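K.L.:
Sharing a structure with you now.
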Amino acid sequence: MRVSFVNLFYPPDVAPSGSFVTSVAEHRAAMGDEVTVICGSGAYLGRAATRASATAAKTGLPAEGPRVIRVWTPGLGKASAARRLADYLSFLAGGVMRLVVSPRQDVVVALTSPPYALVAAVVHRLVHPRARVVYWSHDVYPDAAEEYGAIRAGGAVSRLLRSVQRWLLRKTDHVIALDAAMLRRTLAYARDGLPAGSVIPNWEPMSLFPRGEHPAPWEGYEAPELAGRFVVLYLGNLGYGHPTGTITGAAEALANAGDVTFLFVGGGVRYPELAEEARRRRLDDVVLRGYVPKDVTPSVLAGAGCALISLHDGSRGIMSPCKLHGALASGLPVVYVGPVGTNVDEAIERYACGFSLRHGDVDGLADAVRRLRDDAELAAELSRNARHAFEDAYCDERTLPLFDELFEHLREPRPLWTAQTDRGRA
């Protein structure tokens, strides 16, 4: 099969969506597919592409594995809406042009980095009507933009973007969502039950978290503010959808404990806000560090006592935190603050691998941390359950076969004259 993936980010970039594309693309290439990845030349944090990436952009022909085509983007990063928009629009223009001149692909998979990357896949289908289109939703737009105040709900821009989304989905064969709530929200844009959809959760590779192996803790834990302390770890992006009010409240409640630290490793638009709040409230037990490479994350997780995940109440079905999967792979109990019915809440409910709390429950969060710190038997039980959850549902050994089943189902080209009937079966 000829399979293309469209996503702004791709390694060596640290963006999570790039690692998921890599996993599927390399897997399908190893199975004999002719795989192409169309990505940007910039980076998640605004850094320029590496020299190796620049070479790949020129040749488009790596020695092995997927063919990587890097479309030029300014690489301005996520520091402001204007910077993000410049990267998004330049990538969309380049991605569309690349797919217009490409030979017919059997399947084009478009993600949601940037929003409406699906445009490029649908344009390819307009040029090659027998191509199949898969929408791999990691966020839901324009819902996310409305929820976080980027556009006004019900306004002219919102109505336009919703019309575009409905039109794109009518040209799509299959939707992949990260949890059931996201699938329902995405398919609400569809009509007459089309396109079809399925849930494939995000994952971590088993090779990064092998059975029975425990990496040495990250060297950052040797710092005086972390050494010998029970670490509540927040690893990854701290964006608009990840409020911190309940977390800083619990950190203040535990400040006198003397042996608990809330460690944030990553970045995002809420990082400066959190740093300022910690300074204002003199929370010495809140420590911030920058992003680390993907291959370092197991050692960062290895030194923590539990994993912390926060999600905005309005984000159910809009985003699905991928922080969950590394925590489960490392056997870390999960402490979640957010709405019910999300992928994290469902994992905790199904596998009994942590605590699911609501925003505003400062005492509940502080109590959960104390229990994990003080009750070794409870912590060990939740740790075993977390690792079981990873191996049962959230590792590549479980998720990649689901992509294989979908691609096999889409192997036959779209009939030219019965597209609507065919889409109902996809």
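The values are calculated or read from the model by the stated rules, or taken from the named source; none is laboratory data. All values derive from a computational prediction rather than experimental measurement. Methodologically, a virtual Cβ is constructed for each residue, glycine included, from the backbone with ideal geometry; neighbour enumeration extends over all protein chains shown.
K.L.:
Only one of (1) among the aliphatic types (A, V, I, L, M); (2) out of contact with any His (no Cβ under 8 Å at 6 or more places or on another chain); (3) buried (at least 22 other Cβ atoms within 10 Å of the Cβ) fails for Ala352. Which number is that?
P.N.:
(3)
K.L.:
Can you run down the residue pairs with Cβ atoms below 6 Å, 6 or more apart or on separate chains, where the first is in the stretch 282-303 and in contact (Cβ under 8 Å) with a residue 24 or more places away in the chain and on the phi < 0 side of the Ramachandran plot and the partner is surrounded by fewer than 16 Cβ atoms within 10 Å (Cβ to Cβ) and not in a loop (DSSP other than H, G, I, E, B)?
P.N.:
These pairs meet every condition: Asp285/Ala255; Leu288/Ala275.
K.L.:
I would also like to ask the following. Considering Asp259, Asp284, Asp313, which residue is charged (D, E, K, R) and under 21 Å from Ser383 (Cα atoms)? Steps first, answer last, please.
P.N.:
Details: Asp284 fails: under 21 Å from Ser383 (Cα atoms); Asp313 fails: under 21 Å from Ser383 (Cα atoms).
Among Asp259, Asp284, Asp313, only Asp259 is charged (D, E, K, R) and under 21 Å from Ser383 (Cα atoms).
K.L.:
How many residues does the stretch 244-272 hold that are small (Gly, Ala, Ser) and in contact with a strand residue (DSSP E or B) (Cβ under 6 Å, 6 or more places away or on another chain)? Explain how you work it out, then say what you get.
P.N.:
Restricting attention to the stretch 244-272, the residues satisfying the condition of being small (Gly, Ala, Ser) are 245, 249-251, 253, 255, 257-258, 266-268.
Subset that is in contact with a strand residue (DSSP E or B) (Cβ under 6 Å, 6 or more places away or on another chain): 251, 266, 268.
Total meeting the criteria: 3.
K.L.:
Next question. Inside the stretch 222-278, can you point out the residues that are touching a Pro at 6+ places or on another chain (Cβ under 9 Å) and at positive phi? Reasoning before the result, please.
P.N.:
Here is the first cut: in the stretch 222-278, the residues touching a Pro at 6+ places or on another chain (Cβ under 9 Å) are 236-237, 241-242, 270.
Across the stretch 222-278, the qualifying residue is only Gly236.
K.L.:
Continuing with this model, one more query. Kindly indicate the residue of the stretch 123-146 that is charged (D, E, K, R) and crowded, with 19+ Cβ neighbours inside 10 Å and also farthest from Met319 (Cα to Cα) among those meeting that condition. Give the steps one after another, and end with the answer.
P.N.:
Residues of the stretch 123-146 that are charged (D, E, K, R), as a first pass: 125, 130, 132, 139, 143, 146.
Then keep just the ones that are crowded, with 19+ Cβ neighbours inside 10 Å; that gives 125, 132, 139, 143, 146.
Working: Arg125: 27, Arg132: 25, Asp139: 5, Asp143: 10, Glu146: 13 Å.
Checking each candidate, the answer is Arg125.
K.L.:
With the condition kept exactly as written, say whether any residue in the stretch 329-341 is among the polar types (S, T, N, Q) and either within 21 Å of Thr248 (Cβ to Cβ) or in contact with a Lys or Arg (Cβ under 7 Å, 6 or more places away or on another chain) (or both). Walk me through it before giving the result.
P.N.:
Filtering the stretch 329-341 down to residues among the polar types (S, T, N, Q) leaves 330.
Applying the additional criterion that residues be either within 21 Å of Thr248 (Cβ to Cβ) or in contact with a Lys or Arg (Cβ under 7 Å, 6 or more places away or on another chain) (or both) yields none.
No, the conditions are met nowhere in the stretch 329-341.
K.L.:
Just checking, which of Gly341, Gly314 is more than 15 Å from Ile247 (Cβ to Cβ), small (Gly, Ala, Ser) and not in a loop (DSSP other than H, G, I, E, B)?
P.N.:
On the way: Gly341 fails: not in a loop (DSSP other than H, G, I, E, B).
The conditions single out Gly314.
K.L.:
From the list Ser137, Ser113, Ser80, which one is modelled with pLDDT of 90 or more, polar (S, T, N, Q) and either touching a His at 6+ places or on another chain (Cβ under 9 Å) or over 29 Å from His27 (Cβ atoms) (or both)? Reasoning before the result, please.
P.N.:
Details: Ser137 fails: either touching a His at 6+ places or on another chain (Cβ under 9 Å) or over 29 Å from His27 (Cβ atoms) (or both); Ser80 fails: modelled with pLDDT of 90 or more.
Being modelled with pLDDT of 90 or more, polar (S, T, N, Q) and either touching a His at 6+ places or on another chain (Cβ under 9 Å) or over 29 Å from His27 (Cβ atoms) (or both) holds for just one of Ser137, Ser113, Ser80, which is Ser113.
K.L.:
Quick check on my filter: what residues within the stretch 193-218 are over 22 Å from Met319 (Cβ atoms), touching a residue at least 12 places away in the same chain (Cβ under 8 Å) and not small (Gly, Ala, Ser)?
P.N.:
Leu194, Met206, Leu208, Phe209, Arg211, His214, Pro215, Pro217, Trp218
K.L.:
Pull up the stretch 213-255, narrow it to residues that are out of contact with any helix residue (DSSP H, G or I) (no Cβ under 9 Å at 6 or more places or on another chain) and assigned to a helix (DSSP H, G or I), then point me to the one that is surrounded by the most Cβ atoms within 10 Å (Cβ to Cβ).
P.N.:
Top of the filtered list is Ala255.
K.L.:
Looking only at residues in the stretch 319-338 that are part of a loop (DSSP other than H, G, I, E, B) and modelled with pLDDT of 95 or more, which one is surrounded by the fewest Cβ atoms within 10 Å (Cβ to Cβ)? Break it down into steps so the answer makes sense when it comes.
P.N.:
So in the stretch 319-338, the residues part of a loop (DSSP other than H, G, I, E, B) come out as 320-322, 330-333, 338.
Narrowing the set further to residues that are modelled with pLDDT of 95 or more leaves 330-333, 338.
Values: Ser330: 27, Gly331: 22, Leu332: 26, Pro333: 25, Gly338: 24.
Here the residue is Gly331.
K.L.:
Still on this structure: If I filter the stretch 104-119 down to residues being touching a strand residue (DSSP E or B) at 6+ places or on another chain (Cβ under 6 Å) and closer than 19 Å to Thr22 by Cβ, which single residue comes out as surrounded by the most Cβ atoms within 10 Å (Cβ to Cβ)?
P.N.:
Val108
K.L.:
I'd like the full set of residues that are more than 17 Å from Phe407 (Cα to Cα), over 20 Å from the mean Cα position of the chain (by Cα) and not in a helix (DSSP H, G or I), limited to the stretch 91-131.
P.N.:
Ser102, Pro103, His128, Pro129
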